[in-house]
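Have a look at the structure below before the remarks.
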Amino acid sequence: MRVTHRMIVDTVLSGLNNNLRRLEDLQRQVSSGRRLNRPSDDPPAVERALTYRATLSAGEQYLRNIDAARAWLQASDTALASATEALQRARELAVQGSNDTLGLDQQQAIATEVDQLLAQMVALGNSTLRGQ
């Protein structure tokens, strides 16, 4: 086969065009800081990137759920600890009030404190966290 001058020129131009296209792709990658700018750049890599992004997003959501659950548990634990203290005080007052030797003033003081403990228990039962 005879190699003509035109064939050589076409081969060189084709190689130059391929090199320019590759250079353009590399410059786009460098300027954007991303290897994948369009899905057509590398479809399998785009699929992997989307899968990684979805996995990362799910992991972040799990962490947010854990933080919310911890906050709820801590608020519940605090409320239950306060309720336990109030119930223990109410028990002490019940034992103290069962004494027949108490005067009317002492009984009224116990009744007032029991009413306050009841109000405290209602407030604890209506506790909220972040508006919920």
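Assorted remarks:
- Stretchable slack from Arg28 to Glu60, in nm (0.36 nm times residue separation minus alpha-carbon distance): 8.5 nm
- Helical runs (DSSP H, four residues minimum) scored at -39500 (n - 2.57) apiece and divided by the length of the chain put the mean residue ellipticity at 222 nm at -29000 deg cm²/dmol.
- Carbon/sulfur fraction of accessible area - segment 1-109, other protein chains in place, 1.4 Å, %: 57 percent
- In a fully extended conformation the segment linking Ser40 and Ser127 would gain 25.9 nm over its present Cα-Cα distance, using 0.36 nm per residue.
- [x] 41, 22, 17; [y] 84, 11, 8; [z] 26, 18, 12, with the label sought being that of the calculated semi-axes √(5λ) of the Cα gyration tensor in Å: [y]
- Remark: accessible surface ordering of Glu47, Glu92 (largest first) is Glu47, Glu92, probe radius 1.4 Å.
- The mean sequence separation of alpha-carbon pairs under 8 Å and at least six residues apart, normalised by the residue count of the chain, gives a relative contact order of 20 percent.
- Counting 0.36 nm for each residue step from Asn99 to Arg21 and taking away their Cα separation leaves a gain of 18.3 nm.
- Per residue, the chain exposes 83 Å² of accessible surface when a 1.4 Å probe is rolled over the protein heavy atoms with every protein chain present.
- Using alpha-carbon coordinates, inclination of helix 104-125 to the longest axis of the chain, degrees: 10 degrees
- Dipole-positive endmost among Ser98, Gly125, Leu36 within the chain (Cβ charges, Cα centre): Leu36
The values are calculated or read from the model by the stated rules, or taken from the named source; none is laboratory data. Just so it is clear, the model here is predicted, and its values are computed rather than measured. All Cβ positions, even for glycine, are placed from backbone atoms using ideal geometry, and neighbour counts span all protein chains on display. All accessible areas refer to the heavy atoms of the entire protein, side chains included, with ligands and DNA or RNA removed. Shrake-Rupley method; radii C 1.70, N 1.55, O 1.52, S 1.80 Å.
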